[in-house]
Structures are given as C-alpha cells and as structure tokens.
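Heads up: the structure comes next, in structure tokens.
The values are calculated or read from the model by the stated rules, or taken from the named source; none is laboratory data. Just so we're clear, the structure is a prediction, and the values are computed from it rather than from any experiment. Counting neighbours? That spans all protein chains shown, and the Cβs are built from the backbone with ideal geometry, glycine included. Note: accessible area is taken over every heavy atom of the protein model, side chains too, but ligands, DNA and RNA are not part of it. Shrake-Rupley method; radii C 1.70, N 1.55, O 1.52, S 1.80 Å.
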Amino acid sequence: MQINVFSIEKKRDFQKEIEEFIKKSKQFAIVKDITLYSNKLSKTQNPQKEYTNIFEKYTNSGKNIILTPDGKLIDSYEFAKLLNESQINFFIGGAYGFEEVFKKKGINISLSPLTMSHKVAKLVLFEQIYRALTIKNNHPYHK
C-alpha cells in the first residue's frame, strides 16, 4: 500500500514529527509527504482554483481523500476502513479551502469540528494514518 499526502506549503513545519510517523508507518505501508507550491498562489485572485490546478494531476490514480472542514466527521476506526486500496491520496489545501469541482474528485472528510491551520491538520493526519495502519494490523499503539 502506498499513501501519499499532498499539501500546499511554503515552509515546512512539524517536519521532525511527521518524519517520525512516516518512519513508524514503514512496517505497514509506504507513506509519502509531498509538499507542493506554486508562485502563482501569491498573485491569484482565486486561490481555490489554483489549488485545483496544483493538485489535479495527482487525482488520476488511487483513492482520493480530501480534507475539508465541511467533510464527514469520522472516528479512527472509520478512518482505518478508508485505507483499503493499493494507493491512497490525501489532499490538504491552503487557507481558502477547495473549490466544489475539486471536492467531487474524492471522499471528503474532516479531522475535527475545530478550525486548525493546514500545518496542524497535516501533523494530525500523519498521526491518524499511523493509527489507522496499527488498527488494521492489530498493533497495540491504538490501545
């Protein structure tokens, strides 16, 4: 199984913590942190459209899971059930969120009803990916 996490960032925060979750996950899956950025973002009048332009080419294979505040709230067991294909792609947008056309390209979930920066959401996502992999593999981390 390969799990790709796509995000838009200029500066990478929490990198040490994210790399630790990637390392721990290696026994169960290949997990990749793919950070993208376009200089067009700082000049655009429509950042949501630019997010779609940046991410769209990565939506053509595997299961797409889009993190959005209005997505479905799920618990860790439901999250683990989402990891059921050979390739899973997670998408974390920037501060303006995704346009509706992009949201239709996958399953929309929310990590919490709380508002959090995309950098914090990314760290939470990597922890939940590791937790989900341990649930699927009966590893004691989740207990």
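At a glance:
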item: For residue 120: the one exception among (1) more than 25 Å from residue 27 (Cβ to Cβ); (2) in a loop (DSSP other than H, G, I, E, B); result: (2)
item: Qualifying residue in region 114-132 (condition: at pLDDT below 95 and over 15 Å from the mean Cα position of the chain (by Cα)); result: yes
item: Selected residue (criterion: modelled with the lowest pLDDT) from residues of region 24-50 that are surrounded by 15 or more Cβ atoms within 10 Å (Cβ to Cβ) and under 30 Å from residue 136 (Cβ atoms); result: 35
item: Failed item, numbered, when residue 122 is tested on (1) touching a helix residue (DSSP H, G or I) at 6+ places or on another chain (Cβ under 8 Å); (2) free of Cβ contacts under 8 Å to residues at least 60 places away in the same chain; (3) basic (Lys, Arg); result: (2)
item: Residue count, region 65-115 (criterion: in contact (Cβ under 8 Å) with a residue 60 or more places away in the chain, among the hydroxyl-bearing types (Ser, Thr, Tyr) and in contact with a helix residue (DSSP H, G or I) (Cβ under 9 Å, 6 or more places away or on another chain)); result: 1
item: Total residues in region 85-143, condition touching a Lys or Arg at 6+ places or on another chain (Cβ under 8 Å), open to solvent by 30 Å² or more (accessible area, probe 1.4 Å) and over 23 Å from residue 57 (Cα atoms); result: 2
item: Odd one out for residue 102 among (1) within 12 Å of the chain's Cα centre (by Cα); (2) assigned to a helix (DSSP H, G or I); (3) within 24 Å of residue 49 (Cβ to Cβ); result: (1)
item: Matching residues in region 23-50 - criterion: being touching a helix residue (DSSP H, G or I) at 6+ places or on another chain (Cβ under 7 Å) and not acidic (Asp, Glu); result: 24, 25, 28, 29, 31, 36, 38, 40, 41, 44, 47
item: Failed criterion for residue 62 (all others in (1) farther than 20 Å from residue 128 by Cα; (2) in contact (Cβ under 8 Å) with a residue 24 or more places away in the chain; (3) open to solvent by 30 Å² or more (accessible area, probe 1.4 Å); (4) small (Gly, Ala, Ser) hold); result: (1)
